[in-house]
Amino acid sequence: MSDRISQLKTMLDAEPNDTFCMYGLAMEYAKQGDLDQSIAWFDKIIAIDPNHCYAYFHKAKVQEEAGDVAAACDTLCIGLEQAKAVGDAKAANEIAGYLDELT
């Protein structure tokens, strides 16, 4: 386990629903190539805050890296709906652009 992951987990112990720390963990696991752990952390973020639009975007990136393009597209479709629902035009545009690349 990297020092960064240890630090983030320690911070998360103090604030168990801190999606910022969870996002950091998801990204750190992805960077280390532990794609299953990364996806699991993105899922936790989405369960706590379904409006966290970039969790969908980066979860899809990890799913694509894992070779599951269909799952990535499904994740992006849900994320696009959420981004539109909360009025996050920037996230919606980025998610839609990525979805277009995959389809």
Can you give the angle from 0 to 90° between the axis of helix 53-65 and the longest principal axis of the chain, with both taken from C-alpha atoms, to the nearest 10?
-> 90 degrees
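Which whole-number percent gives the relative contact order of the stretch 3-102, counting Cα pairs below 8 Å spaced six or more residues apart?
18 percent
Taking the Cβ of each residue in M27, M22, M11 as the centre, tally the other Cβ atoms inside 10 Å and list the residues starting with the fewest.
On the way: M27 18, M22 26, M11 14.
Ranking M27, M22, M11 by Cβ neighbours within 10 Å, fewest first, gives M11, M27, M22.
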Alpha-carbon centroid distance for the pair the stretch 12-52 / the stretch 73-103, whole angstrom | 19 Å
Residue-span extension gain [N51 to V86] - 0.36 nm each, minus C-alpha spacing = 11.9 nm
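Only helical DSSP H runs with n ≥ 4 go in: add -39500 (n - 2.57) per run for the chain, normalise by residue count and round the 222 nm mean residue ellipticity to 500 deg cm²/dmol.
Values: 6 runs with 85 residues, N = 103.
After summing the helix terms and dividing by residue count, I get -26500 deg cm²/dmol.
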If one compares the long axis through the Cα atoms of helix 89-102 with the longest principal axis of the Cα atoms of the chain, the angle in degrees, nearest 10, works out at 80 degrees
Report the equivalent ellipsoid semi-axes for the chain in whole Å, largest first, defined as the square roots of five times the eigenvalues of the gyration tensor built from alpha carbon atoms.
-> 24, 16, 9
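Values in this text are rule-based calculations from the coordinates and carry no lab data. Computed from a prediction, not measured in an experiment: that's the story for all the values here. Here the Cβ is made from the backbone with ideal geometry for all residues, glycine too, and neighbour counts use every protein chain on show.
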